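Single-structure report; data block below.
Read-outs: derived from the displayed coordinates by stated rules, not from any lab. Note that the structure is predicted; figures quoted are calculated from it, not measured. Positions of Cβ are backbone-derived with ideal geometry, glycine not excepted, and every protein chain shown enters the neighbour counts.
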Amino acid sequence: MNPKAPPTANAYICGSDQVWNFVKCFDDPTYFFDFTKSMKNVKRIGYAPSIADPWPKSRWEEFKGYLSHMDIISVREKSDVPVVEKLSGKPVTHVVDPVFLKTREYWDNLSQDMNIKEHYIFCYFLGTNDLAVNLVNKVKQLTGFKIVHLNLNARDRFNSDYNLRAVSPQQFIGLIKNASYVCTNSFHCSAFSIIFRKNYFVAPKGFANARMESLQEMFGLNNRMFTQELIDGMTIEQMTVDYSKADEKFAPFKEKSLQYLNNALYGEPN
């Protein structure tokens, strides 16, 4: 979209993944709709923007200005609610990531099978540290399954049986859906693992882990964030994710999120 010639609309919605990460990813007020300042009778809505890395206090005054353009605000991570409320002076709603607004059947129909017939551990990491390597090796040791690695890095530290360099979004979803286990540090890889009720493991990156903690809390899951101590002590019996409370725990969050969208779009403008 060209911010100097934006499409005409009654409402503008921004979100979600790291769209408000002004530390590592973006530094562009377009994501706060600064281009709509002269427009009248339009709604400026944030649906589940993710901040990822905490906003530095040295820039809080700047962010106050950005947030002043927003009419209705929600965030994806519960931990971001207090600071966004403080800086915006507006109520902020904690909502679910957009992928959870669709059903499992929707994503199942969208997914594409890559015809890997063996049981496999799907690995997808945004940067591979020693903890990730040790986690993957442990899961392979306990299961004996093949490693399918969607590799974003220069080298393959997992000695993978399938080292994939590029797949389509549909294939990405299919790789998670058909995996026996998933090892990752990616929010959306974790999210789709939950959608397909997979046994998944997270090797924390050392930063921006609030999104993972918020995710497992939202579904009432047992801890999926693995330290070296937890990896060392892992047994095959401890590898199963307990999804028994997931539907009951998640239902109010989804209902609240859909209601937020409905009110934001069709309620009275501020």
Using a Gaussian network model on the chain with a 10 Å cutoff between Cα atoms, which of 15, 233, 174 fluctuates the most? 233
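Sort 147, 13, 121 by Cβ crowding within 10 Å, fewest neighbours at the top.
13, 147, 121
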Which of 223, 115, 185 moves most in a GNM of the chain, Cα contacts under 10 Å? 115
In deg cm²/dmol, rounded to 500, what helix-only [θ] at 222 nm does the chain give when every DSSP H run of at least 4 residues adds -39500 (n - 2.57) and the total is split over its residues? -10000 deg cm²/dmol
Counting pairs of alpha carbon atoms under 8 Å apart in space and at least six apart in sequence, what relative contact order in percent does the range 105-248 give? 25
Can you tell me which lysines have their Cα less than 22 Å from the Cα of residue 102? Leave out same-chain residues fewer than eight positions away. 78, 177, 198, 245, 249, 254, 256
With labels modelled as points extended 7 Å from the Cα through the Cβ direction, what inter-label distance (nm, one decimal) is found for residue 106 paired with residue 141? 4.1
Please list, in order along the range 92-103, the HN-Hα scalar couplings obtained from phi with the Karplus expression 6.51 cos²θ - 1.76 cosθ + 1.60 (θ = phi - 60°), rounded to whole Hz, x for Gly and Pro. 10, 9, 8, 10, 8, 4, x, 4, 7, 7, 9, 7
Enumerate the amide H contacts of residue 12 below 5 Å, restricted to partners 5 or more residues apart or on another chain; note that Pro and chain-start residues carry no placed amide H. 43, 44, 45
Provide 247, 17 in ascending order of the number of other Cβ atoms located within 10 Å of each residue's Cβ, fewest first. 247, 17
May I ask you to evaluate 6.51 cos²θ - 1.76 cosθ + 1.60, the Karplus curve with θ = phi - 60°, for each residue of the range 106-114 and list the ³J(HN,Hα) values in order in whole Hz, giving x for glycine and proline? 4, 6, 4, 5, 7, 5, 10, 6, 9
Could you tell me how many degrees, from 0 to 90 and to the nearest 10, lie between the Cα long axis of helix 130-143 and the main elongation axis, the longest principal axis, of the Cα atoms of the chain? 50
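Scale the Cα Rg of the range 105-248 by the rule-of-thumb value 2.2 N^0.38 Å and send over the ratio, two decimals. Could the numbers behind the result be given before it?
Details: Rg = 14.2 Å, N = 144, 2.2 N^0.38 = 14.5 Å.
Its radius of gyration relative to the 2.2 N^0.38 Å reference: 0.97.
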The chain - percent relative contact order, Cα under 8 Å, separation 6 or more: 16
